[in-house]
Amino acid sequence: MPIHTLFSSHSETKPIASTDRRQYSRVVLQRNISADPMTKTSDVPEGELTLRTLAMPGDANPAGDIFGGWVMAQMDLAAGIRAGERARCRVVTAAVKEMAFQRPVKIGDTLSIYTELTRIGRTSLTLQVEAWVNRSRIGNKEKVTEGTFIMVALDAEGKPAQVPQD
């Protein structure tokens, strides 16, 4: 029986048996994007456009799908840009919570990353990050994935620094 691993909001991995995949898929579709593209739960990106880039052949597997790690790295870059601007200092990624890929990214797609600051703590910033693609062949804009990124501000010595509250 094949096992698939998903990340939960508790920073642990949960194996999901193949018999549970259909139920999991239904939950993801209901929560994020419905199976019918005409009835999407959100057809407009939320947050500020922070990063745009082009998916290139060097970022893809032999089937032409872009590696999920590359998409996640772009999301991390965007979260770092937005958090760094707000904190006005160096920031690092402390955690990424609950991220599930809903659609593939293909070679030639334009990937757009949108960020929204949802919480500012004493030394941390929480951002909701969405990845959307503009399909090069059909011109559709589709949400690929989203996740919650927690960034920590650091001082010159690499210790947590207070985030300005303005």
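Data table
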quantity	calculated
Qualifying residue in the range 80-98 (condition: assigned to a loop (DSSP other than H, G, I, E, B), of a type outside the set (Lys, Arg) and either without any contact (Cβ under 8 Å) to a residue 60 or more places away in the chain or buried (at least 17 other Cβ atoms within 10 Å of the Cβ) (or both))	no
Conditions (1) over 12 Å from the mean Cα position of the chain (by Cα); (2) not in a loop (DSSP other than H, G, I, E, B): number failed by residue 73	(1)
Identity of the residue in the range 108-136, without any contact (Cβ under 8 Å) to a residue 40 or more places away in the chain and charged (D, E, K, R), that ends up nearest to residue 56 (Cα to Cα)	135
Of all residues in the range 111-150 being of a type in the set (Gly, Ala, Ser) and over 10 Å from the mean Cα position of the chain (by Cα), the one that is surrounded by the most Cβ atoms within 10 Å (Cβ to Cβ)	112
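So that you can scan it fast, the table gives a plain yes or no per residue for (1) of a type in the set (Ser, Thr, Tyr); (2) outside the structural domain of residue 70 (by TED's automatic domain parsing); (3) in contact with a Ser or Thr (Cβ under 9 Å, 6 or more places away or on another chain); (4) under 25 Å from residue 45 (Cα atoms):
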| position | (1), (2), (3), (4) |
| --- | --- |
| 118 | yes, no, yes, yes |
| 131 | no, no, yes, yes |
| 139 | no, no, no, yes |
| 143 | no, no, yes, yes |
| 149 | no, no, yes, yes |
| 162 | no, yes, yes, no |
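The values are calculated or read from the model by the stated rules, or taken from the named source; none is laboratory data. Just so you know, these numbers come straight off a predicted model, no measurement behind them. Glycine gets a Cβ as well: all are built from the backbone with ideal geometry, and neighbour counts include every protein chain shown.
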